[in-house]
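**Student:** The structure's right below; bear with me while I get my questions together.
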Amino acid sequence: MATTISKPETLFGKRIRRQEDPRLITGTAVYLDDIKMPGMHHACIVRSPHAAAKIRAIDTAAAAGRPGVVAVFTAKDTGHLGAVPCAASLPGLRVPRHDLLARDRVYYVGHPVAVVVATDRYLARDAAEMVEVDYEPLPAVADPEKALAEGAPAVHPEWPGNVAFTFHQEGGNIEQAFSEAEVVVKQRITSQRLIPTALETRGVVADWRPGENSVTLFSSTQIPHLMRTLVAGILGMPENRLRVVTPEVGGGFGSKLNVYAEEALMAFISMRIQKPVKWVESRRENFTCTIHGRGHVDYFELAARRDGVMLGLKLKLIQDLGAYHQLLTPAIPTLSVLMMPGLYKFQNVSADIVGVFTNCVPTDAYRGAGRPEATHGIERMVDILAAELAMDPVEIRLKNFVGNDEFPYTTPTGLSYDSGNYAAPLRKALEQVDYPALRREQAQAREEGRLMGIGVSTYGEICAIGPSPSMPAGGWESATVKIEPTGKVTVLTGASPHGQGEETTFAQVVADELGVPMDDVLVVHGDTSVVQYGIGTFGSRGTAVGGAALFYALQDLKAKVKKFGAMLLDAPAVILSGGSCVDERTGKSVSFAEVAAAAYHAKRLPPATEPGLVSTHFWEPPNFTFPFGAHVVVSEVDRETGDIRIRRYVAVDDCGKIINPLLVDGQVHGGVAQGLGQALWEQAVYDENGQLITGELTDYALPKAHLMPWIESSHTETPSPVNPLGVKGVGEAGTIGCSPAVVNSVVDALSPLGVRHLDMPLTPEKIWKAIQGGQA
Amino acid sequence: MIPQAFDYSAPQSLEEALGLLASGDRKILAGGMSLIPMMKLRLAAPAEVVDLGRIAGLDGITEAGGFVHIGAMATHHTVETSPAVRASCPLLAETASHIGDVQVRNMGTLGGSIAHADPAADYPAALLALEAEIRVVSAHSDRTVNAADFFLDAFTTALEPGEIVLEVRLPVEQSSEGYGYEKVAHPASGFAVVGVAVRITREHGRIIMARIGVTGMGPHAFRARAAERLLEEGAAPERAAAVVGEGEEANSDLYASADYRRHLARIHARRALAVALSRAS
Ligand SMILES: Cc1cc2nc3c(=O)[nH]c(=O)nc-3n(C[C@H](O)[C@H](O)[C@H](O)COP(=O)(O)OP(=O)(O)OC[C@H]3O[C@@H](n4cnc5c(N)ncnc54)[C@H](O)[C@@H]3O)c2cc1C
């Protein structure tokens, strides 16, 4: 027993380097493809080269006879298994059966048709070429608007017209808003298809252990527990006989928030061949077979008064779904509708979604998932309105923001915004760039014939997804905290971080709450046999929901620690301070390690207290959280070539309380990079026949380090009342805030030429043509 | 991303290599920066690759008789940083610095690049502007081809079966010369959407010699001879640049249409000329 009390230093809010980085940057982390097992076989998937075709016959004999090949599987072998699941449901939703392997028809380029299994991956790849599939090509349709046109080829023959669902939502009185409007602006705005392109492609290792009657499935995924439930369902096996382990995940961005055919196929194959089997996706497969993001054609109409007060917004949203529904495909555009009013207080909205089948790989959640599309829409429309009214885009925003005294604020789409101070980040960003001076510089530039633009986006987003009623499989999160007998602390989180850095932020929270050194805390995740059930990491929920679960688990545990401390000190009550239990009357204390030892050795127990120091908490969030922020982009366009140069990128984000500013900046930077990707470079393009013509990294232009502008990132902090940490979530903010700021800036640059709108990506030729058109 | 099975040989001498290349379905492996991706995508599937990397002396850079000789196996990085190249034909060093990224420049070779003849490769523009001569040899021949006669079409050169590029010869730049290379890099591949290499000599304020090589715009790199002539006749650079690409076929793809490419070739010819003029003493 000691009697010194050291004043604990809180780690909340400290810029602390990530605990996970040393292993990641020294190459000692274990990714999926690093897993090797004795007797492991390799699978290669035969995929359709056609976007639409009938399968007349499949001849696997030649492939099966190749050296090293142990088996070739087709739908004949897997037909009895369940289908690739879609968890989203909407009234009247048409759900095509999504077989693991195509039966008699293929629906997109890359559709899996057969699996070849061999003793090494080279032999598997060579043999895959020998599988003969007799196709009868059929007309395909790859563009959602063309798919809706009269006489378009039916993606699924049973549903001519290609409509998978329609969905209507409205709030307030849209008719009245438009009849009272003094001005209405309309614009068709697209959010192009994007390829998530995680650095690490997907991959699966399945290991059937006959003695244990169980399968261990290693998968590069964001959702180990949901995957366990769903894959067990596909295979018809008891869930507790399937263990899903998530090794290090090299990026997900939503593309690994899914269950694909390959997970179930590998588990099935391992059971059939009685050997472990590995499949690692190639980059070409990643581009053609892993979900794409976005794929919107939006028709907006915004009604306003001449003084700039917005009255109502109408949206017709055409969502390119692709050929099937993946896990959340049809739900993504409904998120866009929820967020369509942005930060503005007009109370009248009406939205109609048409979900359209195309002969393309399915779309699904990609960083931002529905919210970037919504934000891009409203933020472009506000600028278009400002231009129409010859108002300053900043002024019109300030005029329409939900006021600071209006929280919690109910939106016409039925959300309750938790807290906000929407003008604060905008004002901060404008101060940083000296907005009036910039406008003066712009006036001068215009006189010289230069095209300089200033673009603003004030975004809101919906995070901490989400309360369980809004989620197909629950929206809570879980945490277990174990104080080990030596006083070290182990956290098991049901969130499955894969780059977000919760091993660090959660350790900070634990260190603060228990007063232990951060190095004593280990955060474990991603193994369904080790970690209690959890939902996973997506929708900027890891810290805002998983962190709250952790916080409450810590409170329970602290109470128990204090009981043991009081017992050891013979005190009626103790406080926790500096890693010790302290008797405030005497100043005497017992260390954490002493308390832990006492709890496990259990020679004496406090009244009505069991041995051990473990606590588990499942936390159900009462609401989403609603971060917001302002991004300002200063750009200059080369009049001769259409090249865009981003001169300044200022991001002021408000994600509630900040646990670790270094990590928040990292999230903002990565998010902005992906937003810039959409704004300037990236587009997944299918040709008329459904062939992906941006099928390689040489055609699909990802943001690269040397193309990035300097990002000036800072914050305002408006705590969320939704969770005890006051945090909101920041994983997607950068992406959501970025694209409209960039496009607004470039359109502003071109506005003297009469340009009012441009769709993304803003390729130089597109800009050059707009300049030509404007000058003509 | 897994190539078909292939054999590999690493001859120790040029004779041995040429002997191997005289027959069979064999391909040279130099830096592998183009060949290996093509094999991984199964766009190329040679039965055997013949690695030139173990043959000593194929990557030398020497200066003699008013020419710089660069061995085919010299890497882009070597070309970029060679004191001889920088002093005697800086246009080529500058062009090399625009190729890919550091890793690619450390592996890729001059000979491999020109033999591959990607229509969007950088070197061809400079080699045309420099009036380079390319020495090609086989088991039973040894000849020299002018750069202007070497690049025939996309991925097609004057090389006959069994022939390899041995070295590239470039005239040493006169002190009165100016040069410039302007490139529009494709945001995904980094290759040239358009690249314009310019070399000029100015005497008493007049351009007396102009050479303009254009890559990326068409199916193969070409010399903008009409523009060269205009410059030598005393036309203003803007006027000369405006005819670059006239009468030449232009490529069109998702990123840049034929019209836009031609337009870019002209704008960047003008810009490269401005740089060259500023450098010409
Ligand atoms: C990521 C990336 C980016 C790139 N960016 C650019 C760029 O911006 N600009 C650019 O110009 N290039 C670029 N390249 C291509 C690069 O310059 C290659 O190095 C070059 O095209 C081929 O040279 P190599 O030595 O790698 O040849 P290899 O790939 O080994 O061979 C290419 C072809 O040439 C043949 N060959 C090789 N050497 C000889 C020889 N001596 N004689 C006859 N035939 C021969 C081979 O058989 C093969 O057919 C890029 C490549 C990569 C991978």
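The values are calculated or read from the model by the stated rules, or taken from the named source; none is laboratory data. Because the structure is predicted, anything quoted here is derived from the model rather than measured. Cβ sites come from the backbone with ideal geometry, for glycine too, and all protein chains shown count toward neighbours. These area figures cover heavy atoms from the full protein model, side chains too; ligands, DNA and RNA do not enter into them. Shrake-Rupley method; radii C 1.70, N 1.55, O 1.52, S 1.80 Å.
**Student:** Which residues of segment B:1-20 show a drop of at least 40 Å² in accessible area when all protein chains are present, compared with their chain alone (probe radius 1.4 Å, heavy atoms only, ligands and nucleic acids excluded)?
**Tutor:** B:MET1, B:ILE2
**Student:** Using a 1.4 Å probe over the heavy atoms of the protein chains, calculate the carbon and sulfur portion of the accessible area of segment A:406-462 as a whole percent.
**Tutor:** On the way: 1060 of 2180 Å².
About 49 percent, which is the carbon plus sulfur part of the accessible surface.
**Student:** A further question follows. Counting only protein heavy atoms, probe 1.4 Å: which residues of segment A:116-163 lose 30 Å² or more of accessible surface in the full assembly compared with their chain by itself?
**Tutor:** When all protein chains are present, A:TYR122, A:ARG125, A:ASP126, A:GLU129 each give up 30 Å² or more of accessible surface.
**Student:** Rounded to the nearest 20 debye, what is the charge dipole size of chain A about its Cα centre when +1 sits on each Lys and Arg Cβ and -1 on each Asp and Glu Cβ?
**Tutor:** For this selection, approximately 1160 debye.
**Student:** Also, quick follow-up: Taking θ = phi - 60°, what integer Hz values does the Karplus form 6.51 cos²θ - 1.76 cosθ + 1.60 yield along segment B:114-128, in sequence order, with x for Gly and Pro?
**Tutor:** 6, 5, 5, 6, 4, x, 10, 6, 7, 3, x, 4, 5, 4, 5
**Student:** Hey, got the dipole for segment B:7-51? About the Cα centre, +1 on K and R Cβ, -1 on D and E Cβ, debye to the nearest 20?
**Tutor:** Roughly 300 debye for segment B:7-51.
**Student:** Apply the Debye scattering formula to segment B:61-171, with a single equal point scatterer on each alpha-carbon and no solvent, then give log10 I(q)/I(0) at q = 0.19 Å⁻¹.
**Tutor:** Debye output, listed in q order: -0.93.
**Student:** Here's something else I'd like to know. Measure off, as a whole percent, the carbon and sulfur share of the 1.4 Å-probe accessible area of segment A:249-325, all protein chains present.
**Tutor:** For segment A:249-325, the apolar C and S fraction of the accessible surface comes to 49 percent.
**Student:** Another one. Just name one of A:ALA63, A:HIS98, A:CYS44: the one whose Cα is farthest towards the positive end of the charge dipole of segment A:5-110 (beta-carbon charges, Lys/Arg +1, Asp/Glu -1).
**Tutor:** Going by the Cα projections, it comes out as A:HIS98.
**Student:** Report ³J(HN,Hα) in whole Hz for each residue of segment A:472-481, in order, from the Karplus equation J = 6.51 cos²θ - 1.76 cosθ + 1.60 where θ = phi - 60°; Gly and Pro get x.
**Tutor:** For segment A:472-481, the Karplus curve yields x, 10, x, x, 7, 9, 10, 8, 10, 10 Hz.
**Student:** May I ask for the distance between the Cα centers of segment B:123-162 and segment A:268-317, given as a whole number of Å?
**Tutor:** If you average the Cα positions of each part, the centres end up 48 Å apart.
**Student:** Now a separate question. Given the options B:SER88, B:HIS76, B:THR109, identify the residue whose Cα lies farthest towards the positive end of the charge dipole of segment B:61-171 (+1 on Cβ of Lys, Arg; -1 on Cβ of Asp, Glu).
**Tutor:** The residue sitting farthest along the positive end of the dipole is B:SER88.
**Student:** 222 nm [θ] for the protein assembly as shown, helices only, -39500 (n - 2.57) per DSSP H run of 4+, per residue, to 500?
**Tutor:** Helix-only estimate at 222 nm: -8500 deg cm²/dmol.
**Student:** Still on this model: Only protein chains counted, 1.4 angstrom probe. Which residues of segment A:692-731 are at least 20 Å² less accessible in the assembly than when their chain is isolated?
**Tutor:** When all protein chains are present, A:GLU696, A:THR698, A:ALA701, A:LYS704 each give up 20 Å² or more of accessible surface.
**Student:** For segment A:259-324, calculate the relative contact order in percent as a whole number, restricting contacts to Cα pairs under 8 Å that are 6 or more residues apart. Walk me through the numbers before you get to the answer.
**Tutor:** On the way: 45 pairs, mean separation 14.4, N = 66.
Relative CO of segment A:259-324 lands at 22 percent.
**Student:** Over the alpha carbons of chain A, what is the largest minus smallest coordinate on each principal axis, giving the biggest first in Å?
**Tutor:** 89, 73, 47
**Student:** Follow-up. Considering amide H positions built from the backbone, and no H for Pro or chain starts, which residues 5 or more places from B:GLU167, or on another chain, come under 5 Å of its amide H?
**Tutor:** Those qualifying (amide H under 5 Å, at least 5 residues apart or on another chain) are B:ALA72, B:ARG135.
**Student:** Which value, in debye to the nearest 20, describes the size of the charge dipole of segment B:179-279 about its Cα centre when Lys and Arg Cβ atoms bear +1, Asp and Glu Cβ atoms bear -1, and nothing else is charged? Walk me through the intermediate numbers first.
**Tutor:** On the way: 15 positive and 11 negative charges, 69 e Å.
Result for segment B:179-279 is approximately 340 debye, rounded to the nearest 20.
**Student:** Solvent-accessible area per residue for the protein assembly as shown at a 1.4 Å probe radius, Å²?
**Tutor:** Accessible area per residue, the protein assembly as shown: 37 Å².
**Student:** Let me know the Rg and Dmax you get for segment A:643-731 when you use only its Cα atoms, in Å.
**Tutor:** For segment A:643-731, the Cα-based Rg and Dmax read 17.3, 53 Å.
**Student:** Express the relative contact order of segment A:672-776 as a whole percentage, based on alpha carbon pairs under 8 Å and six or more residues apart in sequence.
**Tutor:** Dividing the mean separation by the residue count of segment A:672-776 yields 37 percent.
**Student:** At the nearest 100 Å², what buried accessible area, both sides summed, do you get for B and A when the probe is 1.4 Å?
**Tutor:** Separately minus together, B and A give about 2000 Å² buried.
**Student:** Which percent of the accessible heavy-atom area of segment A:1-108 goes to carbon and sulfur, probe 1.4 angstrom?
**Tutor:** Reported share for carbon and sulfur atoms: 54 percent.
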